[in-house]
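Right, one structure below, let's go through it.
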Amino acid sequence: MEKGVVIDSRHTAEKEGQGLVARALTVDYGEGPVLGPLDLDLPERGIYTVLGPSGSGKSTLLRAAAGLLPDFGGSLSYGGRPIGSAGVAGADIRIGLVPQNYGLLPWQTAIANVRTALKIARPDESRARRGAAALRWLALTGLSGLEGRYPRALSGGQQQRVAIARAFAIRPDLLLLDEPFSALDAVTREDLQRLLLESWRQQPSTMLFVTHDVEEAILLGRKIVMLTAAAGPPVLIDNEAVFSLADEDKRDHDAFHEQTRHIRRIMRERR
Ligand code: ADP
Ligand code: MG
C-alpha cells in the first residue's frame with residue numbers, strides 16, 4: 001500500500017536521535033503558569049503519548065511544539081533547531097498538527113482540504129501524485145465516497161478523520177496529534193490506532209500524541225509523558241515493554257495490565 005510514497009532522504013546522521021527537546025519549558029497565558037517547567041528528550045522516530053487530565057496543558061504543549069505560541073519560557077527544539085513562533089528555524093522540517101477542533105477549512109471539500117495541505121507541504125510533487133495521495137489517505141481512514149463533502153456535511157468523527165488523513169498525507173517529520181480519535185466510536189478508533197502504528201512502522205516519524213485515555217496512551221506510546229492538573233514537572237514513563245509487543249497481543253498481555261495499574265496509581269497520587 002505504500003507504493004508510490006517517497007521515503008524522505010533529508011534526514012542526516014547528525015540529526016538522528018535529537019528529536020524534540022524541551023528545557024525548562026513554561027507557558028503562561030497571563031494568569032499564572034499552565035505548563036512546566038518541563039524537560040523532555042524525545043528522540044526522533046518515536047511515538048510519544050501525552051496523558052493528563054483536562055486543563056493540564058496538553059494542547060498548550062502541542063501548540064508550543066507546532067510553533068504556534070507567540071511566547072514561552074525556556075527552550076524547545078527539534079532536530080537541534082530552535083522552535084519559535086514561526087515553527088522550526090530552517091524550512092526543511094515539516095510539522096503536521098491535528099488540532100483538537102480538527103482545523104478543517106469549511107469552504108473546501110474533504111479532498112480539497114487534503115490537497116491544499118499537500119500543495120503547501122509538498123509543492124514539488126505533481127498534482128496527480130498529490131491527488132492520488134489525498135484519495136488514498138481518505139480511503140485508509142474510511143472516507144471513500146465522502147471525498148466531495150464539505151465539513152458541515154460530515155459528522156464530527158468523519159471531520160476528525162479528514163484531519164487525520166490530511167496530517168498523514170503530508171508525511172511530516174514531526175506529527176502532533178491532539179486527541180485525534182476522541183470523536184470516534186470504539187471500533188473505528190481501534191482501526192485508526194492500528195493504521196497509525198502500521199504507517200508509523202513503514203515510515204517512522206516523530207509523533208506526539210495527546211490523549212486523556214490511559215489505555216490509548218499505553219497502546220500507542222513508546223514513552224508516556226504524564227502531565228498533572230497543577231503545573232509542575234511531568235512524569236515520564238518508559239513503555240517499551242508494551243510498545244515492542246505485536247499490536248494484536250498488547251491488550252491481553254501482562255505488561256499492558258501492569259502498566260495500566262502503574263499509571264492509575266500515579267494518577268491517584270498526583271491528583
Ligand atoms: P488540556 O489540553 O490539557 O485540556 P490546555 O492546554 O488546553 O489543557 O489548557 C491548559 C490551561 O491553560 C487551562 O487552564 C486553560 O484554561 C488555559 N488556557 C489554554 N489556552 C488559553 C488561552 N489562549 N488563554 C488563556 N488561558 C488558556
Ligand atoms: Mg486539550
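The values are calculated or read from the model by the stated rules, or taken from the named source; none is laboratory data. This structure is a prediction, so every number in the text was calculated from the model and none was measured. Heads up, the Cβs are rebuilt from the backbone with ideal geometry, glycines too, and the neighbour counts pull from every protein chain shown.
The condition (being in contact (Cβ under 8 Å) with a residue 24 or more places away in the chain and within 16 Å of ligand 2 (Cβ to nearest atom)) is satisfied by just one residue among E147, E179: E179.
Residues that are aliphatic (A, V, I, L, M) and surrounded by fewer than 18 Cβ atoms within 10 Å (Cβ to Cβ) number at least 2 in the following helices (runs of 4 or more DSSP H) confined to the stretch 159-271: 186-202, 254-269.
Condition check ((1) over 24 Å from V21 (Cβ atoms); (2) in contact with a Leu (Cβ under 6 Å, 6 or more places away or on another chain); (3) not assigned by TED's automatic domain parsing to the domain that holds P33) across all residues:
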position	(1), (2), (3)
F209	no, yes, no
V214	yes, no, no
A217	no, yes, no
R222	no, no, no
V235	no, no, no
D249	yes, no, no
T260	yes, no, no
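Here L105 passes the criteria (1) of a type outside the set (D, E, K, R); (2) surrounded by fewer than 18 Cβ atoms within 10 Å (Cβ to Cβ); (3) in a strand (DSSP E or B) except the one numbered (3).
Just one of the numbered conditions (1) assigned by TED's automatic domain parsing to the domain that holds Q202; (2) out of contact with any helix residue (DSSP H, G or I) (no Cβ under 7 Å at 6 or more places or on another chain); (3) not basic (K, R) is not true of G79: (2).
Kindly indicate the residue of the stretch 51-75 that is assigned to a strand (DSSP E or B) and farther than 22 Å from I93 by Cα and also farthest from ligand 1 (Cβ to nearest atom) among those meeting that condition.
Ranking the candidates gives G73 first.
Yes or no, residue by residue, for (1) hydrophobic (A, V, I, L, M, F, W, C); (2) surrounded by fewer than 21 Cβ atoms within 10 Å (Cβ to Cβ); (3) not assigned by TED's automatic domain parsing to the domain that holds V162:
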{"site": "R45", "(1), (2), (3)": "no, yes, yes"}
{"site": "G52", "(1), (2), (3)": "no, no, yes"}
{"site": "L69", "(1), (2), (3)": "yes, yes, yes"}
{"site": "A110", "(1), (2), (3)": "yes, no, no"}
{"site": "R127", "(1), (2), (3)": "no, yes, no"}
{"site": "R130", "(1), (2), (3)": "no, no, no"}
{"site": "A134", "(1), (2), (3)": "yes, no, no"}
{"site": "A139", "(1), (2), (3)": "yes, yes, no"}
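Quick check on the stretch 182-220: of everything there that is under 11 Å from the mean Cα position of the chain (by Cα) and within 16 Å of ligand 1 (Cβ to nearest atom), which residue is farthest from K119 (Cα to Cα)? Ranking the candidates gives T211 first. Does the stretch 15-71 hold any residues that are within 16 Å of ligand 2 (Cβ to nearest atom) and β-branched (V, I, T), and which are they? V27, V34, T49, V50, T60 - these are the residues of the stretch 15-71 that are within 16 Å of ligand 2 (Cβ to nearest atom) and β-branched (V, I, T).
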